[in-house]
Amino acid sequence: MHWFYSSLKNRFYISILALVALSLVVIGATTFYFFKEKNDQYHFQRIQRKEKTINSSLQYFLNELEPATMSEFITKDFDYKLREIADVNNLPIVIFNLSGKILITSIDTLFQERYSRDLSKELLIKLDQSKNGRLVERSSNQDINSYSFAFNKKNQKMGIINIPYHPSDYSNKTELWDFLKRLLTIFLLLFIGAVILAYLLSTYITKSIASISSKIKGVEIGENNERLSWENNDEIGVLVNAYNEMLNKLELSKEKLAQNQRQIAWREMAKQVAHEIKNPLTPMKLSIQHLDRALDLSKGENRDTLKDFQEKMLQQIRILTEIADEFSNYAELPKGKMKELDLIEIIHKIINLFKHEENVKFNVNFQMDSSFRLIGDENQLIRLFNNLIQNSLQAMDHNGHIELNLSQEENNIYVSFIDSGPGITNDIQDKIFEPKFTTKTKGKGLGLALAWQIILNHSGKISLVKERVMGAEFKMTFKKA
């Protein structure tokens, strides 16, 4: 596990550094490209300005000349003036005749081979077709050449002025690299800061995740697991909330598991109790029946006493049989024959069984245009409501009222069962659905446990409303058909 978090920390750390480095590279490349474009644009515009200046300076010497005398005009004095203009503008100058042959250049002899080539016919055609007699071209090696016609005062073409321009020979490149050096220094400082920040963040985040992991690893079913607290509403906070929610669900699952285990244990016990009770009942009943036949033959004065004993014994046997049957029914509650039923009809059918209860009033409330049909077993549902009513009658001493309120919403049917009895004391409210013996003389302690099991068989829920001051209220939920 330690290896996992160390690896996670390293991956997170490297990811942040890679992201920062990539950002710096992209910014640097974009900056370099931007400055390069600006630098090229600057040089292109510069040679255009210089070409106009040089052309104007040479125009002064060519105004009085004729095209035919251009070659003869190239003298030592003109060569000196050409070099002077070139030095002032810090640019080389080459003059060609109208046929593209070189006439004179300001370039030193050592470098003249580089500029001694005659102009091609294609270039002469392009220059002749250009606007204002000017043409600026960029070669494959990024050199820039400006070509323009020189005119006399009669506006006759005298020759072609060429200004070769090499951007690499000028200081703009140095300015660009100075800027990039400063930018690189800033990037280096930012990268160092990012390294420190990435380390702190990776340590902080992985430490939090490691803490949560250790808590999750220590979760034990059946134990009181400690919740986590996180003040910030961030990704770690979402993880902490999910962990705490998982613990809450685990607690509910633990309670349901414990309840199911208790139900299983009670079922097993109910089977055993029913079996143990039923075993002696049959021979007891046979013995009493034999005693009854013997009484018919007896005319002694003890006959009435024996008859009274016989009736009491049969009554107790019937009670034990009922108890055994209740335990047996609870232990072996069938899954039921499920079909579509009308819950309103079932409730009215059950209430009709208690018409003889003159001092008990039943109220059934529901919305007439609503559907209360569900998938269930009719016999089990009758037993469910029968047990609830029997419990209420005993609690009210057969004097009071019972109210059933039905409602439905989307896919659920809700039933509220309320009686006017004394209610259920707080000390047993959490245990009423557990099978147990009751202190009532006529109760077996299985009615609500059986109701809970029937509701469970119908994929529903039943709960006691604990906030009531008077009477008992049960909330039931069923799935609509």
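The values are calculated or read from the model by the stated rules, or taken from the named source; none is laboratory data. Note that the structure is a prediction, hence the values are computed from the model and not measured. Cβ atoms come from the backbone with ideal geometry, glycine included; neighbour counts cover every protein chain shown.
Laid out as a table, the results:
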item	result
Residues satisfying the stated conditions in the stretch 60-86, i.e. more than 16 Å from L103 (Cα to Cα) and out of contact with any Ser or Thr (no Cβ under 8 Å at 6 or more places or on another chain)	Y60, N63, E64, E84
For K355: the one exception among (1) surrounded by 15 or more Cβ atoms within 10 Å (Cβ to Cβ); (2) more than 21 Å from S459 (Cα to Cα); (3) of a type in the set (K, R)	(1)
Leading residue by the ranking (nearest to F362 (Cα to Cα)) among those in the stretch 417-469 that are modelled with pLDDT of 85 or more and touching a Ser or Thr at 6+ places or on another chain (Cβ under 7 Å)	D419
Near pairs, Cβ below 9 angstrom, 6+ apart or cross-chain, from the stretch 376-400 (in contact (Cβ under 8 Å) with a residue 40 or more places away in the chain and buried (at least 21 other Cβ atoms within 10 Å of the Cβ)) to any residue that is assigned to a loop (DSSP other than H, G, I, E, B) and among the polar types (S, T, N, Q)	S392/S420
Flag for N352 being closer than 23 Å to G421 by Cβ, touching an Asp or Glu at 6+ places or on another chain (Cβ under 8 Å) and modelled with pLDDT of 85 or more	no
Tally of residues being exposed (fewer than 13 other Cβ atoms within 10 Å of the Cβ) and either touching a residue at least 60 places away in the same chain (Cβ under 8 Å) or under 60 Å from the mean Cα position of the chain (by Cα) (or both) across the stretch 43-65	3
Given (1) surrounded by 12 or more Cβ atoms within 10 Å (Cβ to Cβ); (2) modelled with pLDDT of 75 or more; (3) under 60 Å from the mean Cα position of the chain (by Cα), number of the condition M70 does not satisfy	(3)
Test: F362 is in contact with a helix residue (DSSP H, G or I) (Cβ under 9 Å, 6 or more places away or on another chain), assigned by TED's automatic domain parsing to the domain that holds S463 and in a strand (DSSP E or B)	yes
